[in-house]
1. Being surrounded by 10 or more Cβ atoms within 10 Å (Cβ to Cβ) and either hydrophobic (A, V, I, L, M, F, W, C) or modelled with pLDDT of 80 or more (or both): is that true of Glu246 here?
2. Quick one: Lys150 ticks every box in (1) out of contact with any strand residue (DSSP E or B) (no Cβ under 8 Å at 6 or more places or on another chain); (2) modelled with pLDDT of 85 or more except a single one, so which number is it?
3. Look through Asn46, Asn64 and report the one residue that is of a type in the set (S, T, N, Q), in a helix (DSSP H, G or I) and under 28 Å from the mean Cα position of the chain (by Cα).
4. Being acidic (Asp, Glu), more than 30 Å from Tyr158 (Cα to Cα) and either assigned by TED's automatic domain parsing to the domain that holds Thr172 or surrounded by 14 or more Cβ atoms within 10 Å (Cβ to Cβ) (or both) is true for just one of Asp50, Asp31. Which residue is that?
5. Scan (1) in a helix (DSSP H, G or I); (2) over 25 Å from Asn40 (Cβ atoms); (3) among the charged types (D, E, K, R); (4) modelled with pLDDT of 90 or more for the single condition Lys73 breaks and write down its number.
6. Name every residue in the range 159-168 that is in a loop (DSSP other than H, G, I, E, B) and either within 12 Å of the chain's Cα centre (by Cα) or modelled with pLDDT of 85 or more (or both), in order of residue number.
7. So if I check each of Leu63, Leu82, which one is surrounded by 16 or more Cβ atoms within 10 Å (Cβ to Cβ), modelled with pLDDT of 95 or more and not hydroxyl-bearing (Ser, Thr, Tyr)?
8. Looking at Arg27, is it under 20 Å from the mean Cα position of the chain (by Cα) and either in a helix (DSSP H, G or I) or free of Cβ contacts under 8 Å to residues at least 40 places away in the same chain (or both)?
Amino acid sequence: MREIHIISTGNSIISNAQKNGIIDPARKISDETFWLEIINNKKIINDLLDNLRNSPFKWSAELNTFLRVVQEKNPENIEVYLFGTKTSSNELCRRLIEVFLKERGYKIYVPYEVSGYFLEACFDEKIALDEFKKGISELIDRLIYIARIKKREGYKVYFNPTGGLKAHVITTAFVAFVTECDIYYMNEEFNQVVFFPKLFYIPKGKELELLEQIAKSEEKEISSHLIETYNEEIDRLQTYDLIKLERKDHILNIYLTNKGKLIYQEMLK
């Protein structure tokens, strides 16, 4: 199955480069002139690329999550959409990630840039704030559009909000929830990728009938008739964690989860 991963890109590569002495740690992310010079410094770019190629999990927070999710999949079936701030520092990181992924056979869409605040703030702070808010609004529209188009084309759509400004992380997660796409991030405490549960879903049609039958039935054993009648509904309600199927002693039981009970109680009001 074809996949697209929509990734919010931050500056973790720069942070690691500063920690390891490749770039002056005293330089601030807001120093546009300096980062533009770095982009045009072939030696530093090559050093950063070599480190990224040798240790992608260590050098890039975005790759640390993405590569874990796709590690056993064919790159030819995977597309990546990167977005980040309209700043030289973020452009540097996106360019490095783009080169890395292209070398490994992933298809990369032209990165999308959102107002980065720093550049505009040099001229007028109010303009910078207005542009930032406008950029977030446009980003939401763009990501929703991409997710819907790709789902219609039969893609599995993933959102990766690991990197970037907090506002972009929130935006990425929000769009994933409302478009009912998968969303994952790296839990550093457990050193593993965590997938969010799908949050936004309201049962409808036969799903409501099924919830009602399960809630009112004293017999929890799932019958073949129930499976035949509500096969798709059972699958969907499991996906959204509203019901649970549990096998005990060769008997398949069906229950409402706590979330399912809450939804059912709301239905009765």
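1. Numbers: surrounded by 10 or more Cβ atoms within 10 Å (Cβ to Cβ): yes; either hydrophobic (A, V, I, L, M, F, W, C) or modelled with pLDDT of 80 or more (or both): yes.
Considered against the rule, which asks whether it is surrounded by 10 or more Cβ atoms within 10 Å (Cβ to Cβ) and either hydrophobic (A, V, I, L, M, F, W, C) or modelled with pLDDT of 80 or more (or both), Glu246 comes out as yes.
2. That leaves (1) as the condition not met.
3. Asn64
4. One residue alone meets the criteria, Asp31.
5. (1)
6. Keep residues of the range 159-168 that are in a loop (DSSP other than H, G, I, E, B), which gives 161-165.
Within the range 159-168, Pro161, Thr162, Gly163, Gly164 meet the criteria.
7. On the way: Leu82 fails: modelled with pLDDT of 95 or more.
Being surrounded by 16 or more Cβ atoms within 10 Å (Cβ to Cβ), modelled with pLDDT of 95 or more and not hydroxyl-bearing (Ser, Thr, Tyr) holds for just one of Leu63, Leu82, which is Leu63.
8. So Arg27 fails the test.
The values are calculated or read from the model by the stated rules, or taken from the named source; none is laboratory data. Keep in mind it's a predicted model, so treat the numbers as computed, not measured. Using ideal geometry, Cβ is built from the backbone for each residue, glycine included, and neighbour counts are taken over all protein chains shown.
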